[in-house]
Amino acid sequence: MNRARALWERVPAPAVDLVLVIAAAVDVWLNLLDDTRLGVALATLGCAALAFRRRFPLGVFLLTLPIALTQPVAVAPLAALFTLAERSRNRPLLGVCVALVAVANSTPWPLAGLTEVGRTMTLVTFVYSLATAAAPVLIAQLLQARRDLARRLVEIEEAREHERVLHAQAVLARERAQLAREMHDVVSHQVSLIAVQAGAMQVAAKDLDAKEAARTIRSLSVTTLDELRTMVTLLRASGGRATELTPQPTLADLHELVESSGTHAQLTGELPTTVGTPAQRALYRTVQEALTNVRKHAPGATARVELWQDGDDVGVTVANTPPTRPSLPLPGSQHGLVGLRERADILRGTLEAGPTTEGGYRVRLRIPLGAD
């Protein structure tokens with residue numbers, strides 16, 4: 001059955017229409033009861049109109065309706081009614097069309113012979129014609145429902161496939177988030193401890209080889225920690241647009257950071273170009289975290305960002321005035337300053353943070369100039 005249907009669908013539509021027009025014309029030629037000029041003209045018009053049944057189904061049906069008046073069971077009006085029912089979802093309209101065909105078939109032609117046919121015969125003919133006209137409508141509606149069902153099944157399958165993809169993405173996101181938590185809570189913490197211990201060993205060691213080995217361990221630990229934090233960020237992004245790697249910030253980016261901080265902040269001071277990359281990153285993150293806290297917890301306050309050098313140490317001080325209006329309760333992780341202190345410890349520096357006597361807040365980072 002499917003093979004026959006596939007072969008039928010390969011037949012061009014114009015060829016099918018041509019065959020239908022010829023079949024309707026042969027049917028009229030063999031069975032037409034009204035051979036007058038008017039009857040022949042109406043029959044010819046109705047048969048020719050079948051070529052346009054796909055574009056104008058209702059109009060073609062109305063043009064074929066006179067054939068049903070002059071012929072008991074005609075191919076043309078039934079074919080036009082089938083096409084209309086296959087394309088229309090207006091069931092009241094289809095019911096009216098079926099009734100019109102039944103009335104036309106049961107009406108004696110010419111009308112002068114109406115008294116010669118009894119009421120009973122007319123009623124029987126009407127019922128028979130009604131059933132005959134309803135058959136192509138029911139078949140067409142069945143085909144329409146079949147197409148709708150097939151389309152619905154395709155939509156359901158696509159929805160299920162989309163749901164499977166979303167479920168797989170959700171599972172992957174959960175696994176990545178769990179892995180990110182493990183790396184952040186366990187691995188990053190352990191590497192931080194290694195870096196701190198290596199720094200302490202570097203300071204306390206007397207042997208030059210031991211001091212150099214401790215410096216190497218601390219340097220590798222710092223690099224590993226930065227890579228771990230980058231990996232945690234990528235894992236938490238779960239494949240979103242935020243997974244693209246971006247250059248790490250340096251002191252050259254401080255001006256843009258201060259200008260785009262959303263606070264009234266001023267940057268002063270300079271640092272030598274010999275400041276190492278890890279130290280520049282620590283200074284940048286300190287300013288970033290401090291300005292973020294000013295924006296969140298001290299609305300309306302002004303801030304001053306000062307870069308300074310004190311002997312062999314460099315640092316930054318971020319101080320803000322008291323807020324001019326109440327702050328909104330915003331959620332926070334409460335880990336920003338903790339992370340800054342860990343970064344400072346790794347670089348053998350110190351971080352001081354606390355309120356000022358004027359009612360503001362100050363964050364001060366000090367790092368050895370040669371920290372790397």
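Here, each number is a calculation from the coordinates, and none is a lab measurement. Please read these numbers as outputs of a predicted model, since none were measured by experiment. Reconstructed Cβ throughout: ideal geometry from the backbone, glycine too, with neighbour counts over all protein chains shown.
With labels modelled as points extended 7 Å from the Cα through the Cβ direction, what inter-label distance (nm, one decimal) is found for Leu153 paired with Ala15?
Distance between label points: 2.7 nm.
Take each of the peptides 71-80, 98-107, average the number of other beta-carbon atoms within 10 Å over its residues, and list them starting from the highest.
On the way: 71-80: 23.7, 98-107: 20.1.
Taking the mean over residues of other Cβ atoms within 10 Å, the ranking is 71-80, 98-107.
So for region 254-372: antiparallel DSSP bridges make up what percent, rounded to the nearest 5?
Working: 22 of 27 bridges.
Antiparallel bridges: around 80 percent, rounded to the nearest 5.
By average Cβ neighbour count within 10 Å, what is the ranking of 213-223, 134-144 from highest down? Each step should come with its number before you reach the end.
Numbers: 213-223: 17.9, 134-144: 16.0.
Highest to lowest by the protection proxy: 213-223, 134-144.
What nm value, rounded to one decimal, do you get for the distance between Thr36 and Thr122 when each label is placed 7 Å out toward the C-beta?
Using points 7 Å along Cα→Cβ, the separation is 1.9 nm.
Sort Thr125, Thr274 so that the residue with the fewest other Cβ atoms within 10 Å of its own Cβ comes first and the one with the most comes last.
On the way: Thr125 17, Thr274 9.
Listing Thr125, Thr274 from fewest to most nearby Cβ atoms yields Thr274, Thr125.
Taking 0.36 nm per intervening residue step and subtracting the Cα-Cα distance, what contour gain separates Thr224 from Leu142 on full extension? Intermediate results must be reported in sequence, preceding the final value.
On the way: separation 82, 0.36 × 82 = 29.52 nm, distance 6.84 nm.
Here the answer is 22.7 nm.
May I ask you to sort Glu227, Glu342 by Cβ crowding, counting other Cβ atoms within 10 Å and putting the fewest first?
Working: Glu227 11, Glu342 19.
Going from sparsest to densest Cβ surroundings: Glu227, Glu342.
Please compute the net charge surrounding Met201, taking Lys and Arg as +1 and Asp and Glu as -1 over other residues with Cβ under 10 Å from its Cβ.
Details: positive: Lys211, Arg215, Arg218; negative: none.
Neighbour charge sum, excluding Met201 itself: +3.
In what order do Phe52, Phe82, Phe61, Phe126 fall by count of nearby beta-carbon atoms within 10 Å, going from fewest to most? Provide the component values of the computation, followed by the final result.
Numbers: Phe52 13, Phe82 21, Phe61 26, Phe126 16.
By the 10 Å Cβ count, ascending: Phe52, Phe126, Phe82, Phe61.
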